[in-house]
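Participant: Here you go, one structure.
The values are calculated or read from the model by the stated rules, or taken from the named source; none is laboratory data. Fair warning: this is a prediction, and the values are worked out from it, not measured in the lab. Note: ideal-geometry Cβ built from the backbone for every residue, glycine included; neighbour counts use all protein chains shown. Areas reflect the complete protein model, heavy atoms only, side chains present, ligands, DNA and RNA absent. Shrake-Rupley method; radii C 1.70, N 1.55, O 1.52, S 1.80 Å.
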Amino acid sequence: MTRITSLAQYHSEYKKSVENPELFWSDIAQEFVWKKKWDKVLEWNFKGPDVKWFLNGKFNITENCLDAHLPKHADRIAYIWEGNDPKEANIRLTYKELYEEVCCFANVLKKYGVVKGDRVCIYMPMVPQAVIAMLACARIGAVHSVVFAGFSAASLSGRIQDSDCKIVVTSDGAYRGMKDIPIKAVVDEALEVCPGVSSVIVFERTKSKVTMIPGRDTWWHEEMKTADKHCPPEVMDSEDPLFILYTSGSTGKPKGVVHSCGGYMVFTRYSFENVFQYEPKDLFWCTADVGWVTGHSYIVYGPLLAGASSLIFEGVPTWPDAGRFWQIVDKHKVNILYTAPTAIRALQASGLEYVKPYKLDSLRILGSVGEPINEEAWSWYNVNIGKGRCPIVDTWWQTETGGIMISPLAGITPTKPGFATFPLPGIQPMLVDEKGKEILGNGVSGNLCIRFPWPSIIRTTYGDHERCRLAYFATYDNLYFTGDGCRRDEDGYYRITGRVDDVINVSGHRIGTAEVENAINMHADVVESAVVGYPHDIKGQGIYAYVISTNDKKDHELLRKEILAEVMKIIGPIAKPDKIQVVKGLPKTRSGKIMRRILRKVAEGDVSNLGDTSTLLDPLVVEEIKSGRL
Ligand code: WTA
């Protein structure tokens, strides 16, 4: 694959990619296995939106992830799996073994009636079988919808219903740190309202007791015993959907972001190889969960397309103690580590005594993703983990972009703490003001947009194309709007400053404030609520909820507890507010709009200058909120 090896080459490749994007990307796409090459590289408009890459190209992504490596590298390790408990034996899967497992499971899916285009929901812990299930779907042209196994039954059923999944692949339970989480029970509860699901395939992980419903539920290991090891890949069109992944936006329920096969394949491998400068024999470790896009693109597709060896970790960074990550790095001699600022900050806060026992001398490159990385965390990572000799790649991207958009190329791009630096070739960022006017030059800030399509751009939101248009392509004419604010400094370096919409980023997880409000409002004693983000030392942002209760007499502590339980039930633990302030009223304009700006300032503790409050219906409300601040 076209590999950039110097800064001068980056600049020349970038220039080429802007001057002739079609030629640039078709040269890269030539390096994959196609049954039939494309007739046309690109057709697009952002009005629809309607973006197509590699038109009429035919292939299967799993042939590129698996079959293509077998002639020369069948015995190369695809994955090393490290369980939650350090005492549990590792599992190693070569490319050949992974190929066989994927084919077997693809045949199991076929047996249960899954055909091209069907949706399959995957709700699993971090075990290799989660990856196998994803690839098995892709093998037969089914569309996977992975749901992070920390989401509640209500969230899971909402996602299953939205994309009308036919089958759910899950496990009996999951280990995470000290916890033994009953995964299958959550699925059972979710399926009470999902009559469209005909089968559930259950991987045995914890051997905990589960209820198996005859005629619906079956065991993974039983099915695999008899399944054939060969499964011809379904011939897919470049624009056939590969997967759906739900993500939160500023309004309404989570959206099912749809990615298609061709462009996603080309971009994930290109970005993986160039950003991380992966070399054969490197062991790459991305600590994300496959339930998020980072897991899709940089645990599954990108590394496998590149023929890389990766580590999959089931557990959490702080169990049995805060040295777990570093112990794993030494044990397996990890060369490239890709993790989130939240994890870095949490481990930093635990103290250096957890880092000191480990050598960390295998590490070559460090990565960061998911949220802005503050300078202190960047420097701590650089000094204590990278020992000052490992380049850090701060990679900015989104579920909707499919792959890394703005990032240093490891060891090539000179870095600055907190800066994602420069766009990858093919990515054309642009800063605009509120009205959509381009902000030119350096030393400026604005809203981050992308003006030209890249291969792995979102194609639609499942079942509702208009929603995709409204969310990303309608704010500014002819631009993809990211929802992020951004600064371009005097040297032209990009720094992502955070969301400018009603999305908050808690520990690298995107949470829509509207979703949390809806969950809180389900509580019988709540009339109205407003949720905002505030700076949090470890999580990046915390969730601050203002709640109006109908029940004056109710103890506030009890109400808070019940609200937390409600949010857990409706969304999951990741959306639990850190602070809940019971208030008598919310600051509203005369037209009834909540002035979130004021609520954000109070939550941030910046109450001295609340700006213009003269348009408020009842300015006294603000005094009450200020005095009750938590
Ligand atoms: C934020 C995760 C600053 C950003 C891949 C974006 C970042 C949202 C960075 C997408 C970064 C991601 N620096 N902010 N390096 N990476 N973000 O869809 O606000 O889970 O819009 O995709 O995370 O989150 P998502």
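Participant: Which FRET efficiency value, to the nearest 0.05, do you get for residue 36 and residue 96 by plugging their Cβ-Cβ distance into 1/(1 + (r/R0)^6) with R0 = 30 Å?
Facilitator: Approximately 0.65, to the nearest 0.05.
Participant: Decide, for the stretch 235-330, between rounded, prolate and oblate: order the square roots of the alpha carbon gyration tensor eigenvalues as a ≥ b ≥ c, take rounded if a/c falls under 1.5, and otherwise choose prolate if a/b is larger than b/c, else oblate.
Facilitator: Cα axes put the stretch 235-330 in the oblate bin.
Participant: Take every Cα pair under 8 Å in the chain that's 6+ residues apart, average their separations, divide by the length, and report that relative contact order as a whole percent.
Facilitator: With pairs under 8 Å counted, the relative contact order is 12 percent.
Participant: If I take R0 = 56 Å and measure r between the Cβ atoms of residue 55 and residue 578 in this structure, what FRET efficiency does the formula 1/(1 + (r/R0)^6) give, to the nearest 0.05?
Facilitator: That pair, residue 55 with residue 578, gives E of 0.70.
Participant: Report the local net charge at residue 247: Lys and Arg +1, Asp and Glu -1, summed over other residues whose C-beta lies under 10 Å from its C-beta.
Facilitator: That works out to +1.
Participant: Okay, next question. If you put +1 on each Lys and Arg Cβ and -1 on each Asp and Glu Cβ, how big is the dipole of the stretch 172-317 around its Cα centre, in Debye rounded to 20?
Facilitator: The calculated dipole for the stretch 172-317 is roughly 380 debye.
Participant: Among 270, 500, 130, flag the residue with its Cα farthest along the positive direction of the charge dipole of the chain, charges on Cβ as +1 for Lys/Arg and -1 for Asp/Glu.
Facilitator: Ranked along the dipole, the leading option is 270.
Participant: Using a 1.4 angstrom probe and counting only protein chains, how large is the accessible area of residue 172 in Å², to 10?
Facilitator: Number for this one is 0 Å².
Participant: Now a separate question. In square nanometres, what is the average projected area of the Cα convex hull of the chain?
Facilitator: Mean orientational projected area (the chain, Cα hull): 27.8 nm².
Participant: Moving to a separate point now. Residue separation times 0.36 nm, minus the C-alpha to C-alpha distance between residue 250 and residue 89: what's the value?
Facilitator: 53.7 nm
Participant: On a 1.4 Å probe surface of the protein chains, which of 221, 69, 11 comes out largest in accessible area, and what is the full order?
Facilitator: Solvent-accessible surface, decreasing: 11, 221, 69.
Participant: Another question, then. Between beta-carbons, use under 10 Å as the cut-off and find the net charge around residue 142, counting Lys and Arg +1, Asp and Glu -1.
Facilitator: Here the count lands on +3.
Participant: Largest first, how would 251, 226 line up by accessible area (1.4 Å probe)?
Facilitator: The residues order as 226, 251, largest area first.
Participant: Is the shape of the stretch 81-141 rounded, prolate or oblate, going by the alpha carbon gyration tensor and its root eigenvalues a ≥ b ≥ c, with a/c under 1.5 for rounded and a/b larger than b/c for prolate?
Facilitator: Because a/c hits 1.5 or more and a/b exceeds b/c, the stretch 81-141 counts as prolate.
Participant: Separation between the residue 228 and residue 375 pseudo-spin-labels, each 7 Å from Cα along Cα→Cβ, expressed in nm?
Facilitator: Distance between the two pseudo-spin positions: 6.3 nm.
Participant: Around residue 207, under 11 Å between beta carbons, what's the net of Lys plus Arg minus Asp minus Glu among the other residues?
Facilitator: Combined, the nearby Lys, Arg, Asp and Glu give -1.
Participant: Right, something else. In deg cm²/dmol, rounded to 500, what helix-only [θ] at 222 nm does the chain give when every DSSP H run of at least 4 residues adds -39500 (n - 2.57) and the total is split over its residues?
Facilitator: After summing the helix terms and dividing by residue count, I get -8000 deg cm²/dmol.
Participant: Do any GluC sites (Glu not before Pro) in the stretch 63-165 lie in a DSSP loop with no more than 16 other beta carbon atoms within 10 Å, and if so, which?
Facilitator: 88
Participant: Suppose the chain between residue 569 and residue 440 were pulled fully straight at 0.36 nm per residue; how much longer would it get relative to their current alpha carbon spacing?
Facilitator: Extra length available between residue 569 and residue 440 comes to 41.8 nm.
Participant: Apply the a/c threshold of 1.5 to the C-alpha gyration tensor of the stretch 507-627 and tell me whether it is rounded, prolate or oblate.
Facilitator: Oblate is the answer for the stretch 507-627, as a/c is 1.5 or above yet b/c matches or exceeds a/b.
Participant: So which cysteines in the chain don't have a second cysteine's C-beta under 4.7 Å from them?
Facilitator: For the chain, the answer is 65, 104, 137, 194, 261, 286, 390, 449, 468, 486, because their Cβ atoms have no other cysteine Cβ under 4.7 Å.
Participant: Please give the length that would be gained between residue 489 and residue 593 if that part of the chain were fully extended, namely 0.36 nm times their separation in residues minus their C-alpha to C-alpha distance (nm, one decimal).
Facilitator: 34.0 nm
Participant: Could you tell me the calculated FRET efficiency between residue 44 and residue 209, based on Cβ-Cβ distance and R0 = 60 angstrom, to the nearest 0.05?
Facilitator: So, using R0 = 60 Å, E works out to roughly 0.70.
Participant: Within 10 Å of each candidate Cβ there may be at most 16 other Cβ atoms; applying that plus a DSSP loop requirement, which trypsin sites (Lys or Arg not before Pro) in the stretch 242-313 survive?
Facilitator: 281
Participant: In addition: Please identify the chymotrypsin sites (Phe, Trp or Tyr not before Pro) of the stretch 456-552 that satisfy two criteria: DSSP loop assignment and at most 11 other Cβ atoms within 10 Å. Which are they?
Facilitator: Filter output for the stretch 456-552: empty list.
Participant: Still on this structure: Among 514, 86, 405, which residue has its Cα positioned farthest towards the positive end of the charge dipole of the chain, with +1 placed on the Cβ of Lys and Arg, -1 on the Cβ of Asp and Glu, and the dipole taken about the Cα centre?
Facilitator: It is 86.
Participant: Pop a pseudo-label 7 angstrom from the Cα along the beta-carbon direction at both residue 550 and residue 627 and give the gap in nm to one decimal.
Facilitator: The answer from the label model is 2.7 nm.
Participant: Considering only protein heavy atoms, with the full assembly of protein chains and a 1.4 angstrom probe, order 617, 630 by accessible area, largest first.
Facilitator: 617, 630
Participant: Under a Cβ-only charge scheme (Lys and Arg +1, Asp and Glu -1), can you give me the dipole magnitude of the stretch 422-568 about the Cα centre, in debye to the nearest 20?
Facilitator: Value, rounded to 20: 440 debye.
Participant: Here is a further query. Under a point spin-label approximation (7 Å from Cα along Cα-to-Cβ), what is the residue 353-residue 465 distance to one decimal in nm?
Facilitator: 6.1 nm
Participant: Using the Cα centre of the chain as the reference point, and only Cβ charges (+1 on K/R, -1 on D/E), how large is the resulting charge dipole? Debye, rounded to the nearest 20.
Facilitator: My answer is approximately 340 debye.
Participant: Between their Cα atoms, which of 553/576; 116/166; 96/116 are more than 19 Å away from each other?
Facilitator: In this structure, 553/576; 96/116 exceed 19 Å between Cα atoms.
Participant: If you don't mind, there's one more thing I want to ask. Please turn the phi angles of the stretch 420-434 into ³J(HN,Hα) values with the Karplus equation 6.51 cos²θ - 1.76 cosθ + 1.60 (θ = phi - 60°), one per residue in order, whole Hz, x for glycine and proline.
Facilitator: Here the 3J(HN,Hα) series is 7, 6, 10, x, 5, x, x, 9, 10, x, 7, 9, 10, 8, 3 Hz.
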